[in-house]
Amino acid sequence: MTTKTNPPGTELAPQYEATAIEAPLYADWVARGLFTPDPASTARPYVIVIPPPNVTAVLHMGQGLNNVLQDVMIRFERMRGRTTLWLPGTDHAGIATQNVMERQLAKEGLTRFDVGREAFVRRCERFVAETGGTILEQLKSLGCSCDWTRTRYTLSPELSRAVREVFVRLWEEGLVYRGHRVIHWCPRCHTSLSDEEAEHSDVDGTLYHIRYLLADGGGHVTVATTRPETMLGDVAVAVNPDDASKRSLVGREVMLPIAEIRIPIIADEHVDAAFGSGFVKITPAHDADDFAVGQRHQLPAPLVMTEDGRMADASLEGAAGGRVPAPYFGLDRFEARKQVLALLKERGLLEKTEPHRHAIRHCYRCATVVEPRLSDQWFVKMQPLAEPALAAYRAGELRFIPERRGTDFERWLLNIRDWNISRQLWWGHRIPVWYCDACGTSQAYREDPKACPTCGGALRQDEDVLDTWFSSWLWPFSTLGWPERTPDLTRFYPGDVIVTAPEILFFWVARMIFAGLHFMDRLPFHTVYLHGTVRDTQHRKMSKSLGNGIDPLDVVRRYGADALRFTVTHGLAVGTDIVLDPADLEGSFASGRNFANKLWNVGRLVLQHVEGRALPALAKIPEGDLALADRWILSRLRACAGDATAALEAFRLNDAVGAPYHFLWDDFADWYLEAIKPRLFGEADAPGGDVARAVAVHGFDAVLRLLHPTMPYITETLWRRLPGNDGATIVTAPWPDARAGRLDAGVEREFAFAQAIVNAVRAARADYGVPPGRTVAVSLAGLDEDGRRAVDATRAMIVRLARIEQLDEAPPAGAGAHAVLPGRASLFVALGGAIDVTKECARLGEELARLEKLLAGLRAKLANASFTSRAPAEVVEGERAKEQEWSAKAAALSAKLKALGCA
RNA sequence: GGGCGAAUAGCUCAGCUGGUCCAGAGCGCCUGCCUUACACGCAGGAUGUCGGGGGUUCGAAUCCCUCUUCGCCCACCA
């Protein structure tokens, strides 16, 4: 199906209606297979893999921005002739999806344990099948040119196979191991988390100074802690070995204040004598540092909390029986804290409290305070994976945009710690390790085993699933068919750029780099583009919970995808955040909507004059047939194409769209089209209509192509109607050659002179309130050769745009307004009786004062020997020329003031 | 505690290796216009001691130091 949305001859409405155009156009692009790389193409590939959104997600503004940026890059490279692949897909999102399901169950009054593992997983699968992937559909309405024939999903059989292969390989290489240590535990999600998933945030807490009585009597020591409830898990109190005042206590014992438990006082370097009280309680099972201390001193590590963050009763595995007194059984940890404190107070053991602001970790999925917890988890050894990444970065093989993000990456690599990859969830890739209880062995398997290969005994699979990110880190090659050596893998790995938010630099980007180097021996991409965050006017990150989000689809419905795309692209400088006002959608997206409409109307005007006409090719037009305005706009176009291309290559997308924006609006519409209207309309005294049409089409065609990556729909719609484009698509039209055409400084200067005349007359007219309909007489003075040539070449335009009845070089006569022009020229607008002498005196006086102030500074500078001797000769020369020009102007102004009889 | 970024017009921000882009853009505001594509427009206009203070330099919004205020990242001081 290749229907044209706007067949030639159809009247274009004066207002651009995005919604009517977008959906059918997108369908047409897909039907034509434009987003699927041509298997026969030999062009160099350009590949981006999408940061896979959560399969259950709905599009928010941040993702809107993220995907628009990728689409701009992909469309740019597609037009440059690369074989582009933008590979889309979704992430099964272990914790997030499981949470959604659990909430659903909760509505039915059930927990996942009520329904059981299998049924729960089936439910998740059904849910994903029914509602998942919505976000991909939403990307289509943004115009994203993903290759939908290659859509992937991290929990699909193919990608699951890659995950399993990787796990087994790491197992074989000894890079994955079972570790018994304190990890971050989310009591609400009921799972362990990696270091990255437990986010720091500052909290106003309290430092409690608590007395632990010496077991043999004779006083107490004071322990400072922020977590009194964990004291039931204390196995020692530690002091710094160099702390002279406390050293003598080492070896003695204290009693836990709320239980009949004796614990020793030990000495350990870990303790900072200057902090708190100098005594630290050691709770190995609920604090990673304390665990290390406990190991050094061979102390036990009793758990005193359950997996859901309640105080354990004696039945809890690992809890030294009877540690938690009965009144605390089952109490939530924060409630337990209150009660412990109350009891301490009652017993007079709470010495003092002081406010203490400190960072505590929260679950990145549900914001629950994370509980450090001793447990058995699977870990990946990261050091061996990080080293090649560091080497590649230092060798300059990886480019970060903005550059400074590279140092974040480097620092993280240097402080890398092993990655906890096991999650106590049900939704995800189950860990492919089987245990044999009979012979006590365990083994990772590529295929599900039937029986223990050693003893033939029954096997039991590990209950845990893998961290979601354990599948994401393989995304750049698992999506291409790895571990098979598929044609896609050969052709499209490695990719080029990864475009994402800085928040997931460590979660995802860094680990993809590790995996790419380790399993594919090549970096997965050469450039990491990290864009800013979408914020509201209070600079808060847009989020569902704050209710300050903007629904991108709402914006698309109101103003069109192109308006959204333009606004976010144009508003986003490298490395900065973008601020949008959720309370003022119109204000936020007006610039995009307005520009789309402007483009539309420029298109209407151009098409009105060129549609259905046979026009000469620009290259065939003799140079001499081109008017000054023609040569000017071609020169401007060439500059614009150069700027836009350079900006895109440097990932300065705001400049990349800013260049054609200003070209189209400020140069093409405001000046060029106005200049050639008489020729377009075939007025008798305006020859060269077809030349003007040819240049106009050429310029418009080029600017449409320059804008296409950002505004795909409107550019396609208009471009298809240009002569000769019948049945073609701008999607694969060649990117304008930045070296084609000529940059002509002389032409630009001459045209600028004509513009200055028009501007000066317009300003004078506005100043004196000359009615728009009335024409005025204007005389010029002090024209040099170039100036005169410029005026001759653009006389018709000047007269038309400034509404001049007569333009000459006659001496000023009668009352009128004076204005200065570039060079030494000036002009005079005859205003007859309309002139207000007082006003004109004031105006010219101000102008003179301004000029003289500048001149004074300039002269001082030129009189300064250190300037003239030290500054580069061309700078000095430029300043001299400027001084002469301004002096002449000042003199002319003074003369005029005198002539007017001003004070 | 360490590291980094930002502070420019009422708002959101450009301003790349210091000099003719020492003040710009969009939105908003004011004035006048429905001028044969566009009132989502045209023309004209106002508004800023470029966060404060020091310094380097012939010359700084642009480099250095310092202070203030925001923001981000990292971090085992309980």
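The values are calculated or read from the model by the stated rules, or taken from the named source; none is laboratory data. None of these values were measured; they are calculated from a predicted model. Cβ: placed from backbone, ideal geometry, glycine included. Neighbour counts: every protein chain shown.
For the reader, a short list of remarks on this structure follows.
- Odd one out for A:ALA561 among (1) away from RNA strand B (no atom under 13 Å from the Cβ); (2) among the small types (Gly, Ala, Ser); (3) touching a strand residue (DSSP E or B) at 6+ places or on another chain (Cβ under 7 Å): (3)
- Flag for A:ALA891 being more than 19 Å from A:GLY769 (Cα to Cα) and small (Gly, Ala, Ser): yes
- Boolean, A:GLY587 is in a helix (DSSP H, G or I) and more than 21 Å from A:GLU716 (Cβ to Cβ): yes
- Residues that are surrounded by 13 or more Cβ atoms within 10 Å (Cβ to Cβ), hydroxyl-bearing (Ser, Thr, Tyr) and either under 27 Å from A:ASP462 (Cβ atoms) or without any contact (Cβ under 8 Å) to a residue 12 or more places away in the chain (or both), drawn from the stretch A:90-139: A:THR90, A:THR97
- The single condition among (1) away from RNA strand B (no atom under 13 Å from the Cβ); (2) in contact with a helix residue (DSSP H, G or I) (Cβ under 9 Å, 6 or more places away or on another chain); (3) not charged (D, E, K, R) that A:VAL221 does not meet is (1).
Residues are listed down the side, and each one gets a yes or a no for (1) assigned to a loop (DSSP other than H, G, I, E, B); (2) surrounded by 20 or more Cβ atoms within 10 Å (Cβ to Cβ):
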site: A:ALA336; (1), (2): no, yes
site: A:VAL340; (1), (2): no, yes
site: A:HIS356; (1), (2): no, no
site: A:ARG373; (1), (2): no, yes
site: A:PRO388; (1), (2): no, no
site: A:GLY396; (1), (2): yes, no
site: A:ASP408; (1), (2): no, no
site: A:ARG417; (1), (2): yes, no
site: A:GLY428; (1), (2): yes, yes
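- Of residues in the stretch A:652-703 being under 24 Å from A:GLY724 (Cβ atoms) and among the aromatic types (Phe, Trp, Tyr), the one farthest from RNA strand B (Cβ to nearest atom): A:PHE663
- Looking across the stretch A:149-169, not a single residue is of a type in the set (A, V, I, L, M) and free of Cβ contacts under 8 Å to residues at least 12 places away in the same chain.
- Selection status of A:GLU403, surrounded by fewer than 20 Cβ atoms within 10 Å (Cβ to Cβ), in contact (Cβ under 8 Å) with a residue 12 or more places away in the chain and acidic (Asp, Glu): no
- Scanning the stretch A:753-770 for residues that are assigned to a helix (DSSP H, G or I) and either without any contact (Cβ under 8 Å) to a residue 24 or more places away in the chain or surrounded by fewer than 14 Cβ atoms within 10 Å (Cβ to Cβ) (or both) gives A:ASN759, A:ALA766.
- Residue count for the stretch A:496-512, restricted to those that are under 17 Å from A:GLN70 (Cα atoms) and away from RNA strand B (no atom under 13 Å from the Cβ): 5
- Residue match in the stretch A:190-209 (condition: within 37 Å of the chain's Cα centre (by Cα), away from RNA strand B (no atom under 12 Å from the Cβ) and among the β-branched types (Val, Ile, Thr)): yes
- On inspection, A:ASP536 passes the criterion of being of a type in the set (Asp, Glu), over 14 Å from the mean Cα position of the chain (by Cα) and at pLDDT below 95.
- Flag for A:ALA259 being surrounded by fewer than 20 Cβ atoms within 10 Å (Cβ to Cβ) and in contact with a helix residue (DSSP H, G or I) (Cβ under 8 Å, 6 or more places away or on another chain): yes
- Among (1) within 13 Å of RNA strand B (Cβ to nearest atom); (2) outside any helix (DSSP H, G or I) - the single one A:PRO616 does not satisfy: (1)
- Single residue of the stretch A:718-741 satisfying the filter (more than 28 Å from the chain's Cα centre (by Cα) and in a helix (DSSP H, G or I)) that is surrounded by the most Cβ atoms within 10 Å (Cβ to Cβ): A:LEU718
- Within the stretch A:270-297, the set of residues being within 10 Å of RNA strand B (Cβ to nearest atom), part of a loop (DSSP other than H, G, I, E, B) and either acidic (Asp, Glu) or at pLDDT 90 or above (or both) comprises A:ASP272, A:PHE279, A:THR283, A:ASP287.
- Within the stretch A:253-276, restricting attention to residues that are charged (D, E, K, R) and under 52 Å from the mean Cα position of the chain (by Cα), the residue that is farthest from A:PRO302 (Cα to Cα) is A:ASP272.
- Test result for A:TYR212, hydroxyl-bearing (Ser, Thr, Tyr), over 17 Å from A:LEU466 (Cβ atoms) and at pLDDT 90 or above: yes
One line per residue, one yes/no per condition, for (1) modelled with pLDDT of 95 or more; (2) part of a helix (DSSP H, G or I):
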position: A:PRO483; (1), (2): yes, no
position: A:GLY495; (1), (2): yes, no
position: A:GLU503; (1), (2): no, yes
position: A:PHE506; (1), (2): no, yes
position: A:ILE513; (1), (2): yes, yes
position: A:HIS518; (1), (2): yes, yes
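- Residue in the stretch A:768-775 that is more than 12 Å from RNA strand B (Cβ to nearest atom) and either modelled with pLDDT of 85 or more or more than 25 Å from A:LYS677 (Cα to Cα) (or both) present: yes
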